[in-house]
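The values are calculated or read from the model by the stated rules, or taken from the named source; none is laboratory data. Given the structure is predicted, the values throughout are model-derived calculations rather than measurements. Ideal geometry is used to build each Cβ from the backbone, glycine not excepted, and the neighbour counts take in all protein chains shown. The accessibility values were calculated without ligands, DNA or RNA, using every heavy atom of the protein model including side chains. Shrake-Rupley method; radii C 1.70, N 1.55, O 1.52, S 1.80 Å.
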Amino acid sequence: MEMPVPTATIEKEQVFDLFRRWGYLEADLDPLEFLKPESCPELNLDGPDAEQARRYYCGTIGAEFMHLPDPERRSWIEQRLESAPSTPDRERILERLVRAEVFEQVLQARYLGTKRFSLEGVTALIPLLDQILEGAAEHHAEWSVLAMSHRGRLNVMAHVVNRPAEEIFAGFEDVDPRSVLGGGDVKYHIGATGDYLARNGRKVHIHLVSNPSHLEAVDPVAMGRTRAKQVRAGANGQEMVLPIVIHGDAAFAGQGITAETLNFAGIEGFSVGGTIHILANNLIGFTARPPELHTARFAADLAKRQPIPIFHVNGEDPEAVVRMGALALEYRYRFHDDVVIDLIGYRRHGHSEVDDPTITQPLLYRKIKDHPPLWKLYAERVGAEASSDEKVRTELEAAQKNARKLEKKPTMRTLPEYWSQFAGGRWLPEYEVDTGLDVAELGKITDVLTRIPQGFHIHPKIKRLLEQRALMGHGKAAVDYGMAEALAFASLLRGGVPVRLTGQDSQRGTFNQRHAALVDIENEQKYFPLAQVAEDQARFEVYNSELSEAGVLGFEYGYSRDYPETLVLWEAQFGDFANGAQVIIDQFISSGEDKWNLLSGLVLLLPHGYEGQGPEHSSARIERYLQLAAQDNVQICQPSTAAQYFQLLRRQALGKWRKPLIVFTPKSMLRHPDAASPLAAFSEPRFRRVVPDPEIGNASRLLLSTGKIGHELRGERKRRKDDSTAIVFVDQLYPFPEEELSAELERHPQAEIVWVQEEPANMGALFYMRPRLRRIAHGRTILKVTRSASASPATGSAKAHELEQKTLLTLAFEAGKSRADVYFGGCPTRSLS
């Protein structure tokens, strides 16, 4: 056994530095003593200095901060940890603990066997949040955006968001089930709003963000909502809006979106001036113990990738817990950066109250069974009376009786006033808006967009591009997609509509098509033409995002939720990459209105098109979005021309109907003359859901398609000198343009109708379009031409792609003659049934 090193031989500062760096390893952090202190040889010291340092760093607080590169931050934390703590409000702490514990006990007694995801074991979370919000009120915060998964959520609703207990009990009583038939969400997923009343008389408005069972998926959404509220608040936005995210230990360590969200801190365009992260650490995830969940000693170790402090604290020392809450809050406001509190406790029941945890953790739950609730331990510690629990129990039982009398399910939230001008639900004709612009107005916008500032050293290629765009904007050349988008953005900004666009490499554009930021080739300073379109223009933001799909899309969804007046767009580098954000698409974008009655006008720009670039650079998976479409929940479009893209963007921004918009944008067609538009097309009144064929009347064959393949079909028709085949673009797939398509079918009453797509038969819009076309065709045959069904979206061979595409075009003009469905690429022709 090594003998302790006398500290007389070591300078005091050296002793303290060792404990500052490694003291957390020997700290007493687990109330049940399963996570035992880890012996650290560097701390094998004795003497008064070591004893003093051990008291600061090896008690019920374990601080990790010596990895911070900034000496000012390290010194700031040292001073506070090495000072005597102020006397806490013990009566307040006990009152919060009693309310939190008794709330859970009443639910357990009244709704035995019903899931509630109890907070018992980490009920110190309630006084912790109480302390943080008290500090926020002292800093004049007006809003706190709060995000958490289901563990303890109902308790937080009652004691932090301050929703009446009867509203929460109503969720268990399941009042008025007919009001949510086919929709709605369970009680521990829905959001809530309320007011936290601080002791200084100030109110902090709380917004608890709706969250599915995908646990950490809410993290970036909360960050986006916070950022939007801060921008809306103005110059002091970061002071006025405080984000708090509560994590489970297993999810924090295990889910990648946590790291994506942590990475936002300090990144321009995504920073929120610091987030307080709290791990409600049960030291268990469902039935798995920490060694099965993460390789590090602590779940919170993930946060070490960032230069931010981590404070581990024993959940059964409430005074240490609230002390860390105060310190974290002050750190956030002092340094405008993230901070992590690892609140370590246990989970009194199973994962849900229906589970029996003694099957998988018999020793742990044998110990928990006899472990007193925290409020009783704390009352004994501070010598307080323990009778207040009966008063709280009586209040809650009365609230439960009141809940049974309710006839409508409470919404538990109040939407901000800025949502009052927008509508959801089904599409109504009165939502239609005119979106065209006068040619003269477009010319004025063009002059600003193509102007080069004096002294700006522009790249020769960009100089030529601006010269070409000047011709486009004055009607001397057809307008391509890049210029059409710039004109749409600029016109909205001039009209007072803010625009925010993010994505990987979105400033330049993946395909070198946007150039929203011009770069001086001498000093790399950036110039944003769209920020100069008018003196009193709206806010314009375009940011290259971190290399993330789920995190960034979640952030932009959140932003759209709290700034509905803004045209918020997220662009995938390739449309295929959106599958990395599928949880956000499934759980928030497509279903948020139905589950939570929450609207969003977020735009997804997904480059799509088959050019022989392989499986990961071709298909944005049109079929997936169409499968998610129902009840007018989203809009799914593939604009066939630059002018159509312009009109679509303006329709999304100017209309009052707030629905997510999925746009399949082109790649090779970005600059193709077939997809470019004359300037006059930008003065047409509206986006056309279906684009007729002006060249052919009463055709014998009617080819219906969407996107790039339609232009290729028209090119093939020209090559064949075919004057009997009409080619119609379906630019809006959902909501289904029944009226417009019916009109086109009536214009060609004798035509064979063929759906043509370049995607394989098990992908694309085929499964969605064919039954709908049959319904409106009134018995007429609906044929199809596609690639054969495939496990992979596309070939990786450019030559194979070219052969396939030629075959596709040829068969499209032969399909009507054979009266058969045509597949190719290894699948035989199949006769119609």
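Please pick out the residue among K463, K409 that is modelled with pLDDT of 95 or more, more than 17 Å from F682 (Cα to Cα) and charged (D, E, K, R).
Values: K409 fails: modelled with pLDDT of 95 or more.
Matching residue, one of K463, K409: K463.
Residues that are open to solvent by 20 Å² or more (accessible area, probe 1.4 Å) and not charged (D, E, K, R) within region 59-78 comprise G59, T60, M66, H67, P69, P71, S75, W76, listed in sequence order. Of all the residues in region 664-698, those that are in contact with a Lys or Arg (Cβ under 8 Å, 6 or more places away or on another chain), under 30 Å from D562 (Cβ atoms) and buried (at least 16 other Cβ atoms within 10 Å of the Cβ) number 1. Tallying residues that are open to solvent by less than 40 Å² (accessible area, probe 1.4 Å), in contact with a strand residue (DSSP E or B) (Cβ under 9 Å, 6 or more places away or on another chain) and in a helix (DSSP H, G or I) within region 565-598 yields 6.
Look at region 292-315: where a residue is within 21 Å of D70 (Cα to Cα) and in a helix (DSSP H, G or I) and a partner is open to solvent by less than 30 Å² (accessible area, probe 1.4 Å) and among the acidic types (D, E), sitting 6+ places away or on another chain with Cβ atoms under 9 Å, you get A300/E64; A300/D249; A300/D342; D301/E64; A303/E64; A303/D338; A303/D342; K304/E64.
Within region 434-460, being closer than 16 Å to A681 by Cα, open to solvent by 50 Å² or more (accessible area, probe 1.4 Å) and among the small types (G, A, S) holds for one residue alone: A440.
Within region 392-404, residues that are touching a residue at least 60 places away in the same chain (Cβ under 8 Å) reach partners that are acidic (D, E) and surrounded by 15 or more Cβ atoms within 10 Å (Cβ to Cβ) with beta carbons closer than 7 Å, at six or more positions or on different chains, in the pairs A399/E166; N402/E166; A403/E166; A403/E173; R404/E173. Just so you know, in region 228-252 the residues that are within 19 Å of N211 (Cα to Cα) and in a helix (DSSP H, G or I) include one that is most open to solvent (accessible area, probe 1.4 Å), and it is A250. If I filter region 173-188 for residues that are open to solvent by less than 10 Å² (accessible area, probe 1.4 Å) and either over 20 Å from the mean Cα position of the chain (by Cα) or among the β-branched types (V, I, T) (or both), do I get at least one hit? No, that holds for no residue. In the condition set (1) of a type in the set (G, A, S); (2) out of contact with any Lys or Arg (no Cβ under 6 Å at 6 or more places or on another chain); (3) at pLDDT 95 or above, S213 is compliant with all but (3). Listed by first and then second residue, the pairs with beta-carbon distance under 8 Å, at least 6 apart or on different chains, first residue in region 491-508 and over 13 Å from V568 (Cα atoms) and acidic (D, E), second open to solvent by 10 Å² or more (accessible area, probe 1.4 Å) and in a loop (DSSP other than H, G, I, E, B), are D505/Q573.
Given the structure, is Y346 among the hydroxyl-bearing types (S, T, Y), modelled with pLDDT of 95 or more and over 23 Å from G152 (Cβ atoms)? First the steps, then the outcome.
Values: among the hydroxyl-bearing types (S, T, Y): yes; modelled with pLDDT of 95 or more: yes; over 23 Å from G152 (Cβ atoms): no.
Spelling it out, it is not the case that Y346 is among the hydroxyl-bearing types (S, T, Y), modelled with pLDDT of 95 or more and over 23 Å from G152 (Cβ atoms).
All but one of (1) crowded, with 20+ Cβ neighbours inside 10 Å; (2) more than 25 Å from E611 (Cβ to Cβ); (3) polar (S, T, N, Q) hold for S506, so report the exception by its number. Every listed condition holds for S506 apart from (2). Candidates in region 731-756 are the residues that are in contact with a helix residue (DSSP H, G or I) (Cβ under 8 Å, 6 or more places away or on another chain) and closer than 20 Å to A630 by Cβ; of these, the one that is most open to solvent (accessible area, probe 1.4 Å) is E738. In region 263-282, the residues that are open to solvent by 10 Å² or more (accessible area, probe 1.4 Å) form Cβ pairs under 8 Å with partners that are in a loop (DSSP other than H, G, I, E, B) and among the hydroxyl-bearing types (S, T, Y), at six or more places apart or across chains, as follows: N263/S548; A265/S271; A265/T275; N282/Y346. Whenever a residue of region 791-805 is touching a residue at least 24 places away in the same chain (Cβ under 8 Å) and among the aliphatic types (A, V, I, L, M), its partners that are in a helix (DSSP H, G or I) and surrounded by 13 or more Cβ atoms within 10 Å (Cβ to Cβ), lying with C-beta atoms within less than 8 angstrom and at least six residues away or across chains, give the pairs A794/H801.
Restricting attention to region 105-122, does a residue exist that is open to solvent by less than 30 Å² (accessible area, probe 1.4 Å), at negative phi and without any contact (Cβ under 8 Å) to a residue 60 or more places away in the chain? Within region 105-122, none of the residues are open to solvent by less than 30 Å² (accessible area, probe 1.4 Å), at negative phi and without any contact (Cβ under 8 Å) to a residue 60 or more places away in the chain. Only residues that are surrounded by 15 or more Cβ atoms within 10 Å (Cβ to Cβ) and part of a helix (DSSP H, G or I) were counted in region 383-394, giving 4.
Within region 525-564, how many residues turn out to be assigned to a loop (DSSP other than H, G, I, E, B), under 29 Å from L442 (Cα atoms) and small (G, A, S)? Selection size over region 525-564: 2. Condition check: among the basic types (K, R) and open to solvent by less than 50 Å² (accessible area, probe 1.4 Å). Does K784 satisfy that? Considered against the rule, which asks whether it is among the basic types (K, R) and open to solvent by less than 50 Å² (accessible area, probe 1.4 Å), K784 comes out as yes.
Any residue at all in region 215-223 that's in a helix (DSSP H, G or I), among the acidic types (D, E), crowded, with 24+ Cβ neighbours inside 10 Å and under 26 Å from the mean Cα position of the chain (by Cα)?
Applying the first criterion (in a helix (DSSP H, G or I)) to region 215-223 yields 215-223.
Filter once more, so that each one left must be among the acidic types (D, E): 216, 219.
With the extra rule that they be crowded, with 24+ Cβ neighbours inside 10 Å, the set shrinks to 216, 219.
Keeping just the survivors that are under 26 Å from the mean Cα position of the chain (by Cα) gives 216, 219.
Yes, region 215-223 has at least one match.
Of all residues in region 512-524, those being open to solvent by 40 Å² or more (accessible area, probe 1.4 Å) and either part of a loop (DSSP other than H, G, I, E, B) or free of Cβ contacts under 8 Å to residues at least 12 places away in the same chain (or both) number 5. The listed residues are E353, E380, and the only one of them that is without any contact (Cβ under 8 Å) to a residue 40 or more places away in the chain and either open to solvent by 20 Å² or more (accessible area, probe 1.4 Å) or among the hydroxyl-bearing types (S, T, Y) (or both) turns out to be E380.
So, of the residues in region 699-728 that are among the small types (G, A, S) and touching a His at 6+ places or on another chain (Cβ under 7 Å), which turns out to be surrounded by the most Cβ atoms within 10 Å (Cβ to Cβ)?
Restricting attention to region 699-728, the residues satisfying the condition of being among the small types (G, A, S) are 699-700, 705, 707, 710, 715, 724, 726.
Narrowing the set further to residues that are touching a His at 6+ places or on another chain (Cβ under 7 Å) leaves 699, 707, 726.
On the way: A699: 24, G707: 27, A726: 23.
Looking at the filtered set, the residue picked out is G707.
Whether a residue is open to solvent by less than 10 Å² (accessible area, probe 1.4 Å) and touching a residue at least 60 places away in the same chain (Cβ under 8 Å) was assessed, and L661 passes this test. For K799, the criteria (1) surrounded by 18 or more Cβ atoms within 10 Å (Cβ to Cβ); (2) at pLDDT below 95; (3) within 29 Å of A642 (Cα to Cα); (4) not small (G, A, S) hold in every case but one, which is (1).
If the condition is being touching a residue at least 60 places away in the same chain (Cβ under 8 Å), outside any helix (DSSP H, G or I) and surrounded by fewer than 18 Cβ atoms within 10 Å (Cβ to Cβ), then region 617-655 contributes Q631, D632, G655.
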